[in-house]
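Student: Mind looking over this structure? Questions follow.
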Amino acid sequence: RPGLALCAGCGGRIQDPFLLRVSPDLEWHVACLKCAECGQPLDETCTCFLRDGKAYCKRDYSRLFGIKCAQCRAAFSSSDLVMRARDHVYHLECFRCAACGRQLLPGDQFCLRERDLLCRADHGP
């Protein structure tokens, strides 16, 4: 379909013999498919993520849109073990009582008061 497609990056017609189709309705000139945040070319050597019609490299997509730890605000890697309390997600090492600092382990009783985790001893009976 060269000549008929419009580039999602620059908006121009794609006259090149090759185009990059990232989703069914978004196509780019080979030279225009770049991370919307850092400008890194997104080709066969770099994973491409889409959000609201913009393309991102994996690092920037995770930083901007990924779930972050409720305690340290850092992103999670695929190998991280996590703990959940309601809609909050924590690194295992960040899942600690706000009052005494004790790490809370799977099976421990705790209370979530606003954004603070409290162990059983610190939140009472």
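The values are calculated or read from the model by the stated rules, or taken from the named source; none is laboratory data. If you're wondering where the values come from, they're calculated on a predicted model, not measured in any experiment. All Cβ positions, even for glycine, are placed from backbone atoms using ideal geometry, and neighbour counts span all protein chains on display. We work out accessible area using only protein heavy atoms, side chains counted, and drop any ligands, DNA or RNA first. Shrake-Rupley method; radii C 1.70, N 1.55, O 1.52, S 1.80 Å.
Student: Can you work out ³J(HN,Hα) from phi for every residue in segment 56-67, in order, using Karplus 6.51 cos²θ - 1.76 cosθ + 1.60 and θ = phi - 60°, giving whole Hz and x for Gly and Pro?
Tutor: 9, 6, 4, 4, 6, 4, 4, 5, 7, 10, x, 5
Student: Here's another thing I want to ask about it. Under a GNM of the chain (C-alpha, springs under 10 Å), which listed residue has the highest mean-square fluctuation: ARG73, ARG86, ARG13?
Tutor: ARG86
Student: Can I ask one more? For the chain, set up a GNM with springs between Cα atoms under 10 Å and report which of PHE110, PHE76, PHE49 has the largest fluctuation.
Tutor: Between PHE110, PHE76, PHE49, it is PHE110 that shows the largest mean-square fluctuation.
Student: When the dipole is taken about the Cα centre of segment 20-65, and only Lys, Arg (+1) and Asp, Glu (-1) are charged at their Cβ, what size is it in debye, to the nearest 20?
Tutor: Computed about the Cα centre, the dipole is about 180 debye.
Student: Determine the calculated [θ] at 222 nm for the chain from helices alone, applying -39500 (n - 2.57) to every DSSP H run no shorter than 4 residues and normalising by the residue count; nearest 500 deg cm²/dmol.
Tutor: Theoretical 222 nm ellipticity from helices: -2000 deg cm²/dmol.
Student: Shifting gears a bit: Near the amide H of LYS34, under 5 Å away, which other amide H atoms are found, from residues 5 or more places off or on another chain, if H is placed in the peptide plane?
Tutor: LEU42
Student: For the chain, what is the accessible area per residue in Å² when the probe is 1.4 Å?
Tutor: Each residue of the chain exposes 67 Å² on average to a 1.4 Å probe.
Student: Here is a further query. What residues from segment 70-99 fall in the zone where the backbone N is under 14 Å from a label point 7 Å along the Cα-to-C-beta line of ALA121?
Tutor: 97-99
Student: For ARG73 paired with PHE18, estimate the spin-label separation in nm (one decimal), with each label point 7 Å from Cα along the Cα-to-Cβ line.
Tutor: Each label point is offset 7 Å from its Cα along the Cβ direction, giving 4.2 nm.
Student: Carbon-plus-sulfur fraction of the accessible area of the chain, 1.4 Å probe, in percent?
Tutor: The computed percentage sits at 51.
Student: So if I place +1 on the C-beta of Lys and Arg and -1 on the C-beta of Asp and Glu, and nothing else carries charge, what would the dipole magnitude of segment 1-120 be about its Cα centre? I want it in debye, nearest 20.
Tutor: In debye, rounded to 20, segment 1-120 gives about 380.
Student: For VAL89, which sequence-distant residues (separation of 5 or more, or a different chain) have an amide H within less than 5 Å of its own amide H, given hydrogens modelled in the peptide plane?
Tutor: Those lying under 5 Å, H to H, from VAL89 are ALA70.
Student: How would you classify segment 67-124 from its alpha-carbon gyration tensor, with a ≥ b ≥ c the square roots of the eigenvalues: rounded for a/c under 1.5, else prolate if a/b is greater than b/c, otherwise oblate?
Tutor: prolate
Student: OK, next. Using alpha carbon coordinates only, what is the Rg to Rh ratio of the chain, with Rh defined as the Kirkwood radius?
Tutor: 1.25
Student: Considering amide H positions built from the backbone, and no H for Pro or chain starts, which residues 5 or more places from ARG102, or on another chain, come under 5 Å of its amide H?
Tutor: Those qualifying (amide H under 5 Å, at least 5 residues apart or on another chain) are CYS97.
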